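The values are calculated or read from the model by the stated rules, or taken from the named source; none is laboratory data. Everything numeric here is computed off the predicted structure, so don't read it as measured data. Note: ideal-geometry Cβ built from the backbone for every residue, glycine included; neighbour counts use all protein chains shown. Calculation scope for accessible area: heavy atoms of the full protein, side chains included, ligands and nucleic acids excluded. Shrake-Rupley method; radii C 1.70, N 1.55, O 1.52, S 1.80 Å.
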Amino acid sequence: MLIKELQDRSLPPLKSRKEMSEILQKEVYGYLPKAEFEIKVSDPKVIERRFACGKVIYSRVDMEIKANGKSHSFPIGRLLHNDGKKHPLIVYPNFHPIGESFYFPIEELSEYDADILFFCYKDAASDDGDMQNGLASLLLPKGQAEESDCGKIGIWAWTSQRVLDYGLTLDGTDADNVCIAGHSRLGKTALYCAMTDERFKFVLSNASGCAGASLARGNSGNTAAPGTKGRGETYKDIIERFPYWFCKAFHKYAETNIGEDFDQHYLLASIAPRFVLVGSCSLDGWADPRSEQLCSVAASAAWNNEDCTKALAARYIEGGEAVLSGSIGYFKLTSQHFMSRHSWRRLMEFIELHRNETI
């Protein structure tokens, strides 16, 4: 049933990583800004020393970025081990300010063998069409003057890359095991960030849905998996509500609900041979978990691993299940649209399973 449904969607065949990345930048997300910039990071301020019996310190720094004669500062939270060892590093653009734990169970995360740098995405640039605030004003001083200038997803991805620049200066960072993680619109951001920056070995896209890890072809707005609430979001829906997330060239696809010669499996496949983890929520009809799993199956051929494809395509995954053994993994939570502690647990399992594998 799964394979038949995938075949019925008549997806365009995969291309080279370079070709797929170029198409998606030109037609969907835009190109990242090329501005010259300088970064300055403040001394850390300790917030909590008692996590993990004192083995992990929670602190914050302020990052100032200068470009095009302007500057902008924003805080970065740090959850770092102090044991003198190297640890995987996760960069996490979050929805909530430093100090709030929604989507980020901070004490529980301190128990895992990973360091985390996180920031509130709105501290980088507002989530609206205003291109004259935050880092958007530095990086796009003329706004989206060109059809292929990136939108806010590009600004948040660029910011995540600058946070990684900083993370790679820290003594405890295992530079061979760096991850970008995000939920919902920030899951789209994480995928785009990893596509354009090969330093990220791992990426987690949690419930990223339309224009993220969910196929557009075959999704007429009513293809969400049985039992989910609502229907699957379409290109038309997302362009009408959030046009500023994307480049202007993408707006034309509101009429067709699909791309002329691409679909979202290109986004996942463009990250190969690195490691991609896609998470769905069983009650999240808007993100369309059925189309997210199908997208993962369609992209899996980019890893040239038949066993990985078979595992993903064997059947539709139920809530609470996960397939993590391949270079592209998939899991589904029994939940609504949410980045829960269970999402984080799956990510940590995925990193631990593959951290010693070379690319």
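What number goes with the only condition from (1) among the aliphatic types (A, V, I, L, M); (2) part of a loop (DSSP other than H, G, I, E, B); (3) surrounded by 17 or more Cβ atoms within 10 Å (Cβ to Cβ) that ILE359 does not pass?
Condition (3) is where ILE359 drops out.
Would you pick out the residues in the range 279-294 that are surrounded by fewer than 24 Cβ atoms within 10 Å (Cβ to Cβ) and farther than 12 Å from LYS332 by Cα?
Across the range 279-294, the qualifying residue is only TRP286.
Residue by residue, here is whether (1) at pLDDT 95 or above; (2) of a type in the set (Gly, Ala, Ser); (3) in contact with a Cys (Cβ under 7 Å, 6 or more places away or on another chain) holds:
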{"residue": "TRP286", "(1), (2), (3)": "no, no, no"}
{"residue": "GLU292", "(1), (2), (3)": "yes, no, no"}
{"residue": "CYS295", "(1), (2), (3)": "yes, no, no"}
{"residue": "SER300", "(1), (2), (3)": "yes, yes, yes"}
{"residue": "ASP307", "(1), (2), (3)": "no, no, no"}
{"residue": "ALA311", "(1), (2), (3)": "no, yes, no"}
{"residue": "ARG315", "(1), (2), (3)": "no, no, no"}
{"residue": "GLU321", "(1), (2), (3)": "yes, no, no"}
{"residue": "SER327", "(1), (2), (3)": "yes, yes, yes"}
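Being under 18 Å from TRP344 (Cα atoms) and not aromatic (Phe, Trp, Tyr) narrows it down to one of LEU164, LEU186, LEU140, so name that one.
Exactly one of LEU164, LEU186, LEU140 is under 18 Å from TRP344 (Cα atoms) and not aromatic (Phe, Trp, Tyr), namely LEU186.
Which residue out of SER280, SER300, SER291, SER325 is hydroxyl-bearing (Ser, Thr, Tyr) and part of a loop (DSSP other than H, G, I, E, B)?
Sole residue among the options that is hydroxyl-bearing (Ser, Thr, Tyr) and part of a loop (DSSP other than H, G, I, E, B): SER325.
Taking the range 122-138 on its own, how many of its residues are open to solvent by less than 10 Å² (accessible area, probe 1.4 Å) and touching a helix residue (DSSP H, G or I) at 6+ places or on another chain (Cβ under 9 Å)?
4
With the structure loaded, tell me whether ARG345 is in a helix (DSSP H, G or I) and open to solvent by 60 Å² or more (accessible area, probe 1.4 Å) or whether it fails that test.
Yes.
Quick test of your reading of the structure: TYR266 fulfils all but one of (1) in a loop (DSSP other than H, G, I, E, B); (2) open to solvent by less than 30 Å² (accessible area, probe 1.4 Å). Name the failing condition by number.
Condition not satisfied by TYR266: (1).
Any idea which of ILE106, ILE116, ILE98 is touching a Lys or Arg at 6+ places or on another chain (Cβ under 8 Å) and more than 18 Å from ASP174 (Cα to Cα)?
Result: ILE98 is the single residue among ILE106, ILE116, ILE98 that is touching a Lys or Arg at 6+ places or on another chain (Cβ under 8 Å) and more than 18 Å from ASP174 (Cα to Cα).
Taking the range 156-199 as the region of interest, how many residues are assigned to a loop (DSSP other than H, G, I, E, B) and acidic (Asp, Glu)?
Of the residues in that region, 3 qualify.
Just for the range 49-104: of the residues that are among the hydroxyl-bearing types (Ser, Thr, Tyr) and open to solvent by 50 Å² or more (accessible area, probe 1.4 Å), which one is nearest to PHE118 (Cα to Cα)?
Per the stated criteria, the residue is SER101.
Are there any pairs with C-beta distances below 7 angstrom linking a residue in the range 334-359 that is closer than 26 Å to THR173 by Cβ to a residue that is assigned to a helix (DSSP H, G or I) and open to solvent by 30 Å² or more (accessible area, probe 1.4 Å), with the two at least 6 apart or on different chains, and if so which?
Every condition considered, the pairs that remain are ARG341/GLU108.
Under 6 Å between Cβ atoms, which residue pairs at least 6 apart in sequence (or on different chains) link something in the range 36-51 that is farther than 12 Å from ARG78 by Cβ with a partner that is open to solvent by 70 Å² or more (accessible area, probe 1.4 Å)?
GLU38/LYS66
Out of all the residues in the range 295-329, which are charged (D, E, K, R) and either surrounded by 19 or more Cβ atoms within 10 Å (Cβ to Cβ) or more than 23 Å from ARG217 (Cβ to Cβ) (or both)?
Listed by number, the residues that qualify are GLU306, ASP307, GLU318, GLU321.
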